[in-house]
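What follows is one structure encoded as structure tokens, with my remarks underneath.
Where a number appears in this text, it was derived from the coordinates with a stated rule and is not lab data. Since the structure is predicted, the reported quantities are computational estimates derived from the model, not experimental observations. Note that each Cβ is placed from the backbone with ideal geometry, even for glycine, and that neighbours are counted across all protein chains shown.
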Amino acid sequence: MIEQVLRAMITYYSGDPRRVNHFLKVYGFAKAIGAGEGLDARTQTVLDVAALTHDIGIKNSEAKFGSSSGEHQQIEGPPEAQKLLRTLGVDEEITRRVCFLIAHHHTYSQVDGPDYQILIEADFLVNAFEDSMSENAIRAFQRKVFRTKTGEELLHALYGV
């Protein structure tokens, strides 16, 4: 199933290698953090699908609002993800959780599970580089949001914080 979602997302963002590279990097970090934290297979599956689809709302956000802001992504993403995942025959319970994660992946309070925490951390590991964040901004986000040992280790290895 993960391979099907991956290919569907590459097709969805056909012609936009920046977006494809982003979600592939987030997926890679999410996979690594999930393994390091010992997630069970079902939670890892949810995390994998969420990592691949977390920014699916960008296309509609840009078309409707001329913006890819996190707020717009969180609104526009779940309906798109639901359509895509249903087309692929993804289990409804997994689809519901993935849509919840997409709807909250730029909301850092009230994290309700390891899949949510890891998705936030994996996305930040990529965004910090892609957005050329300062060391101070990275440290502030680390103190405020990072909670997993593996995520902290990767953050340190990448950015020295």
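Below is a table of values for the structure above.
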{"item": "Helix 92-104 axis, angle to the chain major axis (alpha carbon atoms, nearest 10°)", "result": "50"}
{"item": "Qualifying trypsin sites (Lys or Arg not before Pro) in segment 107-161, DSSP loop, other Cβ atoms within 10 Å at most 14", "result": "ARG147"}
{"item": "Nearest-20 debye value, segment 2-159 charge dipole, Cβ charges on Lys, Arg, Asp, Glu", "result": "120"}
{"item": "The chain, helix-only ellipticity at 222 nm - DSSP H runs n ≥ 4, -39,500 (n - 2.57), divided by all residues, nearest 500", "result": "-24500 deg cm²/dmol"}
{"item": "Prolate/oblate/rounded label for segment 2-159 (Cα gyration tensor, a/c 1.5)", "result": "oblate"}
{"item": "Cβ charges +1 (Lys, Arg) and -1 (Asp, Glu), total dipole of segment 1-67, debye", "result": "200"}
{"item": "Total lysine pairs under 21 Å (Cα atoms) in the chain, excluding pairs fewer than 8 apart on one chain", "result": "5"}
